[in-house]
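Note sheet for the following structure.
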Amino acid sequence: FSNIFVAAFSMRVASLFGEDAISSKGMTLNGSQFYTYSVCNVGEREQDNWLRTTFIQRRPAASRVFVELQFIVRDCNSFGDSSVTCKETFNLFTSESDADVGTTFRKGQFKKVATIAPDEITSKNELHINTETRVVENLSRKGFYLAFQDIGACVALLSARVYYKTCPATVKSLASFPETVAGGENQALREVSGVCMDNAISEELPRIYCTVDGEWVVPVGQCQCKSGYEEVKDACQECQAGFFKAAASGDKCEPCPANTQKLNSGALVCPCMDGFYRAPTDPPTGPCSGLPSAPRDLVATTTQLSTGKLLLSWQPPEDTGGRSDITYSIECQRCEGVVCQSCGEKIRYEPASTGLTDTKVSVSELDAHLNYTFTVEAHSGVSLFASQATPRANKPPSTSRTSTSLSLSWDVFPRPRVQSRPIRYELTYRKKDDNLDVTTYIVLILEKNFVQISKLAPGTAYLFRVQALSSDGTPGGSSMEEQFETSLEERLTQNNTAVISCAAVGGAAMLFIVVMVLFLRRRNSHTRQGPEDTYFSKQLKPLKTYVDPHTYEDPNTAVLKFATEIHPSHITKQKVIGAGEFGEVYRGILKVPGRKEVAVAIKTLKPGYSEKQRQDFLSEASIMGQFSHQNIIRLEGVVTKFKHAMIVTEYMENGALDRYLRDHDGEFASFQLVGMLRGIAAGMKYLSDMSYVHRDLAARNILVNNTLECKVSDFGLSRVLEDDPEGTYTTSGGKIPIRWTAPEAIAYRKFTSASDVWSFGIVMWEVMAFGERPYWDMSNHEVMKAINEAFRLPAPMDCPSAVYQLMLQCWLQDRSKRPRFGDIVNLLDKLLRSPDSLKTIADFDPRVSIRLPSTSGSDGSPFRSVSEWLESIKMSQYSENFTCAGVVTMDQVLQMKNEDIKNIGVRLPGHLKRIAYSILGLKDQTSTLSVFAV
Ligand code: AMP
């Protein structure tokens, strides 16, 4: 029995007591050699023979032991006369002890356990071996002895087995319980706590009871395999590939539902396959659904031409994508040539233009003689998620695939509103097996939604992604990467020209119809042939484009794609230098084996983060990792595979630009400041060329190194603005740093490179004003009001006129008129090449440019003391110079000339000017005040 512990017990070394009555000898029984102890003094009276075991050590928990004896007792009748004194029993005794007492033996220390009698007596002819088991309870000392007392029997002891019982180590309901010694009379059921198996969890501590007989009974508190695992033979095993389990339960993993990706083992949920989605109300464990196909058979019936009324009706889509929540929306456009315009608010739809569940709508208030285009879109609960252009290889592939070329076509859904109709596409592709160096991407800007790409390698997989660009160049949603392969051999296809596939894919499916209404009225409107049109004609212009990490279903893939994984042992943190939204920023050292040691900044993710926060944190690295420019903060790498995620970037000794300039107020010449701006503009040009819109460009997000090089930083996704203390919540829930943001971006979230240019203008102002806060202490509301009323920041003190003119250009209301970053870099370069151009200083109005508190009283100066005045213009460091020179009243200050200021020890030109200008302003204000006083 596995649960029976047999104590070492040797009769051979047992001590013999009592007049040599007991002898030991070997005997053969059933072919086996036995060592036996026997006594047979049946004819003599008052026998008292003892046999004692050696010391039996006791395991602490074993308070109850079993003694199993095998013995033979001779029949007294077989001894004739001796039978009078002959006995047929013997006694079992025990004595507890904490130590082995050797051969010392005292009868008095032994307690009787039982009288042992045979079931069957051995007669002359027949040998009977008896087995009897007795229990010794309540043992408490370190060990014990057993002793056998013979009182005149003819008995042979063949064996004694001493054991206790245990409940063996076991696993019950996914909890493991250790081997447990069974209890005794005083504790018949022993409660034992267990531990859940790996990858199993329980709400309640698992428990079970061990009985005296070594059996487990009544398990309490079940463990269950956690999500992604199922129970297989008393253990939790990862769900197989293609299966998932969303929560801890006793259930088995389920096969991934329809239209989901069959992930590797251990999936918690099965994400939707590309092109399939779950609506917010769909359970995350349910199937994914596709987008509906286009509505069919759209018909327009003119009911009352004279009143400008139409009835549009159509058939539901052939393919509803497996959903029943199909609705329709109508869009009306008036197109002339390629120029389309929304029909505007005037047109009436009955019952409505959106959310229609019926397949008809009546349209009224149409003008006669005009050409209207109606678009009916089918939507479903998942349309929302599909603002992506999905590239699609023409089918069948034989018509569009050769060994060196691929034809692709795609469509974009949901169709953008008329104002931002996509008129070009950015197709990015690369060889699948290329290493992930982003520079190997080829980007084509296309006006059409199809293309044939030739000169490809035969039998090679390429990855494609399409991004729709709206008419103003704003990047729209982009598709997931799709893979297509060129064929292995040159196989002439029947038709290898590009074919437009009209297959409807994407967020909503549409059907167009052109409704002719009598005459086509010619209008003299000219299509605007802006610079963009020329741009389009350069169709195959390869350039590098920023890839939004959001296009990756798994943000971790994006990080690994764009950033190098660093082993944490290569990073040494030295000192905290700042605090970001996600955790502390450290200065430190990066030492990758085989590479030079570099100083780095290490952004950390504070403990207790959620998975979303981790992804948001790392998104900054996914973005930064795509850039490589002198004026963009360089990503060294990331730590994602360890618990403490980190982002490691180059170290910028002088920290944030706003702070740096405030600390060095007046210490730089215009030339140096413009040099800084040139760097920032170059970085921004690079970003805008990559179609990246920063949205939070401000001096606080520019970092400065020890050679005064400025680099653009802060590239988070959600953290853009959320992280920024300047961000102000808007009613739509977003956060906008009002002072730095272009009006259209505040008004309708139109963030573009042109809005970044506005922000750059503010950065120019911040730099030229040595880190002064834009619009000083005006409230956000006052700033917005002022901007609306065409007010712009005045020139900072000492600002070259050309630089201020450029700021004003950046702040043009009409964003299309603002300079582009390319123009800005060129202009700043020009200024730097001819320093004379910086000599003309912009008009400076000290009353506006130096923050003056509201005046109180009519006693001339609004300041009560010189120190109060110096503090207001942030020149307190000169308080002592003024006092030492005996300038102690504001009247004296007002009398000071530039020379006097220099003489009292103000040397830095910037400071000198600040003080002088302030005095000028005060004089001006004093006279104004006196005028009022009169
Ligand atoms: P951030 O979370 O990027 O706003 O960083 C918080 C602060 O840490 C910044 O304002 C800087 O003072 C500092 N910091 C961030 N990155 C760097 C860097 N690369 N070099 C030096 N200081 C940095």
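The values are calculated or read from the model by the stated rules, or taken from the named source; none is laboratory data. For clarity, every value in this text was computed on a predicted model and none was experimentally measured. For neighbour counting, all protein chains shown are included, and Cβ atoms are generated from backbone atoms with ideal geometry for every residue, glycine included. For accessibility, only protein heavy atoms count, side chains too; no ligands or nucleic acids. Shrake-Rupley method; radii C 1.70, N 1.55, O 1.52, S 1.80 Å.
The table below lists the values:
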item: Net +/- balance of residues flanking VAL639 in space, Cβ distance below 13 Å, scoring K and R +1, D and E -1; result: +3
item: Members of LYS455/LYS561; LYS591/LYS685; LYS685/LYS817 lying beyond 20 Å, as alpha-carbon distances in this model show; result: LYS455/LYS561; LYS591/LYS685
item: PHE642, PHE821, ranked by accessible area, largest first (probe 1.4 Å); result: PHE642, PHE821
item: For region 611-686, the spread of Cα positions along each principal axis, largest first, Å; result: 47, 27, 19
item: Efficiency of FRET between VAL135 and GLN222 - r from beta-carbon atoms, R0 41 angstrom, step 0.05; result: 0.75
item: Interchain or long-range residues, amide H under 5 Å from VAL212's placed H; result: GLY183
item: Formal net charge of residues neighbouring THR85 (Cβ-Cβ distance under 14 Å; K, R +1; D, E -1); result: -3
item: Restraint check, LYS172/LYS252; LYS87/LYS165; LYS785/LYS923, Cα-Cα greater than 22 Å; result: LYS87/LYS165; LYS785/LYS923
item: Cut-off 15 Å, label 7 Å out along Cα→Cβ of ARG907, residues of region 860-888 by amide N; result: 878, 881
item: Loop chymotrypsin sites (Phe, Trp or Tyr not before Pro), region 745-790 (other Cβ atoms within 10 Å of the site Cβ: 16 or fewer; DSSP); result: TRP776
item: Loop trypsin sites (Lys or Arg not before Pro), region 106-170, which have at most 11 other Cβ atoms in a 10 Å radius of their Cβ (DSSP); result: ARG106, LYS124, ARG141
item: Portion, in percent, of the accessible area of region 85-244 that falls on carbon or sulfur, probe 1.4 Å; result: 46
